[in-house]
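Please treat every number below as a calculation from the coordinates, not as lab data. Just so you know, these numbers come straight off a predicted model, no measurement behind them. Don't worry about glycine lacking a Cβ; one is built from the backbone with ideal geometry, like all the others, and counts go over all protein chains shown.
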Amino acid sequence: MNGTKERIIQEATMLFARNGCKSITMDDIASSMGISKRTIYEIFSDKKELLTHCMHYFFQQSEDMIQSVLNKADNVIDAMFQSTQCDSELMRNTKQTLIPEIQKYFPEVHAAIVLAYQEKRLEISRKLLEKGQADGVFREDLNPELVALLIQGLSEQIILHDSFAPHKKELMILLFTFNYARGIATEKGLKILDKYMDLYTENIKKLS
């Protein structure tokens, strides 16, 4: 990727994330970068093509961040909470209407990129649950695929729900993560989970 193309993608991604994809125009991106609109159109044929590259970049950054914390996590429960914190950070810096706008105005981009990323996250959740079962911290009788679907579905509902301010959404996801973890944990898992109570309580104080 050449330098100009990379800088356009990075700047446009930031603008789309903060403001949604509907209101941001090619003129806005050019103005923000201090370049001509013609320069952008020499690289990207239209807004849809640029948005496609931006969403690839956006979700790759998120995936890399989550993979990094998963690799450093001490155990499955630690990994679960750290990935939740990554989601919270992403949510804090992203306008909540971004994904609905992409789905409405750029359905091809949503189908090709957003849904693919959601499938990857679903697979990560399923593998974490299976690892937790193998390590004896999650119950053997749970269905990892079904539980992963439930977790992702409820998290998305919290994120997209208009009744909660962004920091309240983070709080709700933390509450949900902690409570569902207790519901599927074994006695061994509960002992590990209890060690995270201080961190959990501290996060609740910050978000309340």
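For segment 82-108, a tally of residues being more than 17 Å from Cys54 (Cβ to Cβ) and among the acidic types (Asp, Glu) returns 2.
Asp135 - would you say it is among the acidic types (Asp, Glu), over 30 Å from Gly183 (Cα atoms), touching a helix residue (DSSP H, G or I) at 6+ places or on another chain (Cβ under 7 Å) and surrounded by 14 or more Cβ atoms within 10 Å (Cβ to Cβ)? So Asp135 fails the test. Each residue in segment 66-83 was checked for being without any contact (Cβ under 8 Å) to a residue 24 or more places away in the chain and in a helix (DSSP H, G or I), and 6 pass.
Scanning segment 108-132 for residues that are crowded, with 19+ Cβ neighbours inside 10 Å, within 13 Å of the chain's Cα centre (by Cα) and either among the charged types (D, E, K, R) or closer than 19 Å to Lys191 by Cα (or both) gives a single hit, Arg121. Note on segment 1-37: residues that are outside any helix (DSSP H, G or I) and buried (at least 17 other Cβ atoms within 10 Å of the Cβ) amount to 3. Determine whether Leu50 is touching a residue at least 40 places away in the same chain (Cβ under 8 Å) and either loosely packed, with under 13 Cβ neighbours inside 10 Å or within 30 Å of Val137 (Cα to Cα) (or both). Answer is no for this residue.
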